[in-house]
Amino acid sequence: MSEPNEKQESPTDAAPLTEESPVVTDHSMQIAGRKLEYTVTAGRMPLRDAKGEIEAQMFYMAYTKSGDGDPAQRPLMFSFNGGPGSPSLWLHFGALGPKKVHLLEDGQMPAPPYRLVDNPHTWLEHTDLVFIDPVGTGYSRARTPEISERMWGVQGDIESVAEFIRMYLARNMRWTSPLFIVGESYGTTRAAGLSSYLVDRGIAMNGIVLVSSILNFQTARFFKGNDLPYVLFLPTYTATAFYHGKLDKRLSQDLKSTLKAVEAFAMGEYSEALAKGDRLTERERSRVRAKLCQFTGLKREFVENRELRIEIHSFCKELLRDRKRTVGRLDSRFIGIDELAAREKPEHDPSMSAIMPPFTSTANQYMRQEIKYESDLVYHVFKGIEKPWNWGSAGEGYPDTSESLRSAMSKNPYMKIYVASGYYDLATPYFATEYTLSHMGLDPSLRANIATGEYEAGHMMYIHSPCLEQLKGDIGRFIESNSGA
């Protein structure tokens with residue numbers, strides 16, 4: 001997920017960490033003529049060091065359904081977003097929670113001021129929900145910069161969020177609840193790592209939901225010598241060109257059948273051509289170039305000048321250059337306007353620009369006004385993490401937590417996975433996700449534990465009203481069928 005400029009400092013960031021009592025409020029809403037009553041608990045969970053001193057506090061908001069029997073038997077889902085550097089507000093106020101940001105039907109930004117409305121598709125009907133803001137995001141803070149830095153990396157992040165989960169289960173006596181995790185974007189990287197880390201410590205998940213997944217970063221790094229992203233992003237380029245009317249008539253009839261043809265080309269002739277490198281003949285080059293132009297709507301000269309390798313940001317700028325417009329990275333249905341059409345890359349992601357103000361302003365208002373959680377800290381939505389993220393040893397290659405997921409599934413064969421992907425997601429393309437899932441080395445007996453769903457929207461597919469409803473139905477069935485006897 002991209003990271004807008006949001007850095008702000010507050011003098012209260014340096015305040016000492018002391019344990020605080022969470023704020024508890026009761027609420028209700030109507031869903032299909034039925035009353036849904038629930039309790040919201042908001043606070044900062046203390047994470048302690050070996051001496052018992054608070055080294056960090058992790059902000060959370062927990063929703064528990066009222067009057068639904070023994071809470072220890074009710075499903076419980078932990079939720080977080082990605083970045084790294086994002087708090088949990090996107091899933092919270094976009095899909096899962098009982099309140100959602102009011103957007104236009106297709107997910108576009110409405111005119112300000114913005115507001116929250118009841119969410120008829122809240123997942124609270126099926127599971128209690130705990131939204132976690134990792135250290136450096138939202139109101140979550142560490143005691144010292146050194147502690148923050150330790151938690152700002154693949155492994156440190158997993159360890160700190162795992163400790164939060166352990167603490168929540170202990171303090172709320174939820175050890176025997178059916179347990180689920182939902183992560184989005186980098187949050188899927190975290191979720192996969194957590195699944196293995198937690199099961200090794202006696203905490204087994206019933207299910208993991210991966211929204212807009214990225215587990216193996218080789219699939220999305222456009223580095224010289226790594227041709228994989230060019231292959232795996234191609235179907236989403238096609239979907240984007242389809243949406244914006246840049247394909248010829250034959251390919252503009254049915255999105256799914258067009259994508260099947262592109263997928264076959266990508267994994268076959270295109271992949272082979274890139275693998276040949278300088279050994280590619282002019283005849284082969286000409287044939288592949290023509291198909292790339294056909295499947296992307298891009299001009300011949302552009303494709304040729306890039307040696308048949310189309311990088312994401314140049315695609316976002318080039319597709320609608322003739323209209324002096326760009327397309328979004330998180331959601332390529334969105335259109336942006338740059339100062340100059342002649343630039344090589346977009347000056348901003350219009351899909352992020354459209355959702356940042358509505359989500360940020362309504363979340364801040366909601367926490368103070370309705371939840372009664374009052375803090376003068378900046379609620380960091382990106383840019384709260386100041387150090388470079390620690391991706392681990394370079395000797396291990398590209399960051400990859402798919403092996404952690406495979407290991408967890410092997411140790412806990414009852415754990416099920418649901419993967420949701422958007423056709424118009426250029427941040428974590430659906431075809432890259434399919435590639436990762438099929439290269440996990442998963443035992444054949446466990447392959448049926450993974451289910452996938454595709455949605456005709458982007459990275460946050462739930463901002464599109466029909467996809468929000470579709471996702472709720474898919475997840476409701478997933479939770480109900482995997483919550484045990």
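In the context of the full set of protein chains, residues of the stretch 352-485 present 42 Å² of accessible surface per residue (probe radius 1.4 Å, heavy atoms only).
Diagonalising the gyration tensor over the Cα atoms of the chain and scaling each eigenvalue by 5 before taking the square root yields semi-axes of 38, 24, 23 Å, largest first. Listed by chain and number, the lysines whose alpha-carbon sits under 21 Å from that of Lys35, ignoring those within fewer than 8 places in the same chain, are Lys65, Lys99, Lys100, Lys472.
Placing dummy labels 7 Å off each Cα toward the beta-carbon, the span from Asp248 to Ala261 is 0.9 nm. For Arg321 and Ser481, the difference between the fully extended length at 0.36 nm per residue and the C-alpha to C-alpha distance is 52.9 nm.
The Cα atoms of the stretch 321-442 give a gyration tensor whose axes a ≥ b ≥ c have a/c of 1.5 or more with a/b no greater than b/c, which makes the shape oblate.
The phi torsions of the stretch 301-315, fed into the Karplus equation with coefficients 6.51, -1.76 and 1.60 and a -60° offset, translate into couplings of 5, 4, 5, 5, 5, 9, 6, 6, 10, 9, 7, 4, 5, 5, 5 Hz, rounded to whole numbers, with Gly and Pro shown as x. A rounded overall shape is assigned to the stretch 111-226, the ratio a/c of its alpha-carbon gyration tensor axes (a ≥ b ≥ c) being less than 1.5. Cα gyration tensor of the stretch 49-193, axes a ≥ b ≥ c as square roots of the eigenvalues: rounded (a/c below 1.5), prolate (a/b > b/c) or oblate? Oblate, because a/c is 1.5 or more while a/b does not exceed b/c. The string of couplings for the stretch 406-415 from the Karplus curve (6.51, -1.76, 1.60, θ = phi - 60°) is 4, 4, 5, 5, 5, 7, 10, x, 8, 6 Hz, one whole number per residue in order, with x for Gly and Pro. Among the protein heavy atoms of the chain, carbon and sulfur supply 48% of the accessible surface, probe 1.4 Å, non-protein parts ignored. Taking each DSSP H run with n ≥ 4 as -39500 (n - 2.57) and averaging over every residue of the chain yields -10000 deg cm²/dmol at 222 nm. With all protein chains kept in place, the per residue accessible area of the stretch 135-282 amounts to 37 square angstrom at a probe of 1.4 angstrom.
The values are calculated or read from the model by the stated rules, or taken from the named source; none is laboratory data. Fair warning: this is a prediction, and the values are worked out from it, not measured in the lab. Here the Cβ is made from the backbone with ideal geometry for all residues, glycine too, and neighbour counts use every protein chain on show. Keep in mind that these areas ignore ligands, DNA and RNA; they rest on the heavy atoms of the full protein, side chains included. Shrake-Rupley method; radii C 1.70, N 1.55, O 1.52, S 1.80 Å.
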